[in-house]
1. Using a Förster radius of 35 Å, what is the FRET efficiency between residue 56 and residue 104 based on their Cβ-Cβ separation? Nearest 0.05, please.
2. Among 104, 90, what is the fewest-to-most ranking by other Cβ atoms within 10 Å?
3. In the Gaussian network model of the chain, springs joining C-alpha atoms below 10 Å, which of 47, 115, 102 carries the largest mean-square fluctuation?
4. Using 0.36 nm times the number of residues separating residue 133 and residue 45, minus their current alpha carbon distance, what extension gain do you get?
5. Could you state the angle between the C-alpha long axis of helix 2-33 and the longest principal axis of the C-alpha atoms of the chain, as a value from 0 to 90 degrees rounded to the nearest 10?
6. Cα axis of helix 75-98 to longest principal axis of the chain: angle in degrees, 0 to 90, nearest 10?
7. Angle check, please: helix 108-130 long axis (alpha carbons) against the longest principal axis of the chain (alpha carbons), in degrees 0 to 90, nearest 10.
8. Which value in deg cm²/dmol, rounded to the nearest 500, describes the helix-derived mean residue ellipticity at 222 nm for the chain, given -39,500 (n - 2.57) per DSSP H run of n ≥ 4 and division by the residue count?
């Protein structure tokens, strides 16, 4: 029975993560469009700024609502690891944005949607394993 309950908790957590990720992607995409279209910032610079805005909101909502367990006691260290995972994702995002937009000629908006798909599950798994598990082994 405990395993079944654990599975339900994990499924609920994954749904919450999906909702938060969707909201953060909306923020990311809105900032990307606003900076690129209205302020005429280069799409890669806009993408980095937009991704970072989504990262900060994602962290706040992840610790407040998505993940019930915490592996780290120190919030600053926790944010540093969370941001490190995000920065790795940012590197992947920038590479894919460039490859799809400059390399293949896709509109930057479509490139961002594709790159978001690549990063979604990877970031969930890495953050779950490194930051939001039940045993508090790291300070």
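1. Between residue 56 and residue 104 the formula returns 0.70.
2. Ranked by crowding around the Cβ, least crowded first: 104, 90.
3. Comparing 47, 115, 102 in a Gaussian network model of the chain, the most mobile one is 102.
4. 28.3 nm
5. That helix lies at roughly 20 degrees to the long axis.
6. In the chain, helix 75-98 runs at an angle near 40 degrees to the longest axis.
7. The two axes meet at around 20 degrees.
8. -25000 deg cm²/dmol
Read-outs throughout are calculated quantities, based only on the coordinates presented, and are distinct from any laboratory measurement. These figures come from a predicted structure and were not determined experimentally. Please note: Cβ atoms are built from the backbone with ideal geometry, for glycine as well, and neighbour counts cover all protein chains shown.
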